[in-house]
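The values are calculated or read from the model by the stated rules, or taken from the named source; none is laboratory data. The shown structure was predicted, so the numbers you read here are calculated from the model rather than taken from an experiment. Every residue, glycine among them, receives a Cβ derived from its backbone with ideal geometry; neighbour counts consider all protein chains shown. We work out accessible area using only protein heavy atoms, side chains counted, and drop any ligands, DNA or RNA first. Shrake-Rupley method; radii C 1.70, N 1.55, O 1.52, S 1.80 Å.
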Amino acid sequence: MSGAGGGATRTSSLTFEQDATVADAGLPAQSNFGAAISGMTYALRSSAGVLSTASKVVGTTLTLSGAWSINTAIAPASLLILGGFTSTISGDITTSASQTYNGPVLLGANVLLSGTGIAFNSTVNSSGVARSLAASSAGLTRFAGVVGGANPLQSLTTNAGGTTRRGGPIT
């Protein structure tokens, strides 16, 4: 596509939706857009999915729907995981804005999360082996549900300079 000045334009948002499990190898690469994906609004909707390639989501406003496994360190601008499914986090997540986890979260590895605000609106548990969670936010880090109730965490560290609130017990 060409604009009035002859320059290329690209979409500002992309929704990728399928009924089967999404593997990030099947997601569009930056080269498919002709420009950096950073700054795009990127929604991935599926019954389940796996993120293992950080470059597929770097700098995006990322929304995940379904049971996702994040198996590598990622750095989207922001992250929203919709509720209704359990997501497994096994890689560090760094955002320049907020992170919101609306469904249950399992820690598949020791994890560091950092952003301007971090909200867990359901439970947080280790996935079998006790795992460490460090949540660093200059703003609010909120745990609305039980933390470690089904599978305890090895350790929980929160908020460099921010505020932590909890709505349920931490075990």
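Does Ser132 satisfy being modelled with pLDDT of 95 or more, open to solvent by 40 Å² or more (accessible area, probe 1.4 Å) and closer than 18 Å to Ile93 by Cα?
Spelling it out, it is not the case that Ser132 is modelled with pLDDT of 95 or more, open to solvent by 40 Å² or more (accessible area, probe 1.4 Å) and closer than 18 Å to Ile93 by Cα.
Quick one: Thr100 ticks every box in (1) more than 27 Å from Ser46 (Cβ to Cβ); (2) in contact with a Phe, Trp or Tyr (Cβ under 9 Å, 6 or more places away or on another chain); (3) among the polar types (S, T, N, Q) bar one, so which box is it?
So Thr100 meets the others, but not (1).
Out of everything in the stretch 51-62 that is open to solvent by less than 30 Å² (accessible area, probe 1.4 Å) and assigned to a strand (DSSP E or B), what residue ends up being farthest from Gly91 (Cα to Cα)?
Among them, the one singled out is Leu62.
Taking the stretch 98-127 as the search range and keeping residues that are under 15 Å from Gly148 (Cα atoms) and part of a strand (DSSP E or B), which one is most open to solvent (accessible area, probe 1.4 Å)?
Per the stated criteria, the residue is Leu106.
Residue by residue through the stretch 79-97, note down the ones that are surrounded by fewer than 20 Cβ atoms within 10 Å (Cβ to Cβ), more than 19 Å from Gly128 (Cα to Cα) and over 8 Å from the mean Cα position of the chain (by Cα).
Within the stretch 79-97, Leu82, Gly83, Gly84, Thr94, Ser96, Ala97 qualify.
Any chance you could count how many residues in the stretch 144-164 are in a loop (DSSP other than H, G, I, E, B) and either out of contact with any Gly (no Cβ under 8 Å at 6 or more places or on another chain) or of a type in the set (Lys, Arg) (or both)?
8
Can you tell which of Phe143, Phe120 is under 12 Å from the mean Cα position of the chain (by Cα), within 18 Å of Thr171 (Cβ to Cβ) and at pLDDT 95 or above?
Of Phe143, Phe120, the one residue that is under 12 Å from the mean Cα position of the chain (by Cα), within 18 Å of Thr171 (Cβ to Cβ) and at pLDDT 95 or above is Phe120.
Against the condition in contact (Cβ under 8 Å) with a residue 12 or more places away in the chain, in a strand (DSSP E or B) and surrounded by 18 or more Cβ atoms within 10 Å (Cβ to Cβ), how does Thr141 come out, does it pass?
The answer is yes for Thr141.
Among the listed residues Ala130, Ala135, which satisfies the condition of being in a strand (DSSP E or B), of a type in the set (A, V, I, L, M, F, W, C) and without any contact (Cβ under 8 Å) to a residue 40 or more places away in the chain?
Ala135
Kindly provide the set of residues from the stretch 144-171 that are of a type in the set (D, E, K, R) and surrounded by 15 or more Cβ atoms within 10 Å (Cβ to Cβ), ordered by number.
Arg166
If Gly83 satisfies every condition in (1) out of contact with any Pro (no Cβ under 7 Å at 6 or more places or on another chain); (2) outside any loop (DSSP other than H, G, I, E, B); (3) modelled with pLDDT of 85 or more but one, which is the exception?
(2)
Would you say Pro76 is at negative phi, open to solvent by 30 Å² or more (accessible area, probe 1.4 Å), of a type outside the set (A, V, I, L, M, F, W, C) and part of a loop (DSSP other than H, G, I, E, B)?
Against the criterion (at negative phi, open to solvent by 30 Å² or more (accessible area, probe 1.4 Å), of a type outside the set (A, V, I, L, M, F, W, C) and part of a loop (DSSP other than H, G, I, E, B)), Pro76 does not qualify.
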